[in-house]
């Protein structure tokens, strides 16, 4: 751990701190309830046992490897951050930027700390062994979900929202897993319409939209960036929305105030359909400060809504071993 405020990365972190709103440090917010962090990335610099498989990231694979070697995010570092912020437990989200689909490190530390780490793995949604892996991970490692992310192909489709991924979706549905989706770029309105179709087709899957599907408030200010296809998801009982530090960071760089944004999201989807994630290990800057800023952005919500957003909803969505039939 670099310091008790959990400063991640070298040059990247310095830039992140420079961007962090000073209001985040005006006073320390200590809610009366514990938090559940649905988005924590773990990685170690023990490359002999857990070699890196970095091929892409928002900063480039070389930067990610250098950061991971110098500032590993092991349970020791993450738990120190969680303890300081009042985070009871959270999802260990497989980090594609360092390990791709090799979930070994995540599953090993989740086994060592089952009271704190709820694993969310990454698999290839169209691989032949994908369904069998999900069944094995659910049975042997008590995963709570799987995360799929990609950019669109030439036709504008995302591989995890295609017929080629049917077998993996059917496995997740049968196992009662959460499926965390992060479509990157492309026509997000079309993506949300397809998500709606999959939500109906696979009712036992809790679909969680990473970063709430990247709304663009400046493009659609009347609806805080939500397209009609986004808003239509609100009627589906098994679609959830992850409010993250990465989203707050992006809004801050664009001059967007997260507070009215979050209040609109809760009004549209309800706090019972929203979860929060710190993105520790990925988003640069002072993690303690980002948590404070997230809590501050929710200060206009009722106490019950804040508790649902920052803790209770996640405990219903991310269930170790999957949802019982």
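Read-outs: derived from the displayed coordinates by stated rules, not from any lab. Being a predicted model, the structure only gives us computed values, none of them experimental. Glycine gets a Cβ as well: all are built from the backbone with ideal geometry, and neighbour counts include every protein chain shown.
A compact table of results
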| quantity | calculated |
| --- | --- |
| Cα-based convex hull volume of the chain per residue, rounded to whole Å³ | 126 Å³ |
| Efficiency of FRET from Cβ geometry, residue 189 and residue 250, R₀ 22 Å, rounded to 0.05 | 0.75 |
| Separation of alpha-carbon centers, segment 61-83 and segment 237-275, rounded to whole Å | 26 Å |
| Within a Gaussian network of the chain (alpha carbon springs, distance under 10 Å), most fluctuating of 279, 112, 210 | 112 |
| Label zone at residue 139 (point 7 Å along Cα-to-Cβ), backbone N below 14 Å, segment 164-192 | 175 |
| Ranked 144, 162, criterion: other C-beta atoms within 10 Å, fewest first | 162, 144 |
| Likely footprinting exposure, 201, 307, 235, fewest C-beta neighbours within 10 Å first | 235, 201, 307 |
| Ranking of 230, 211 by count of other Cβ atoms within 10 Å, fewest first | 211, 230 |
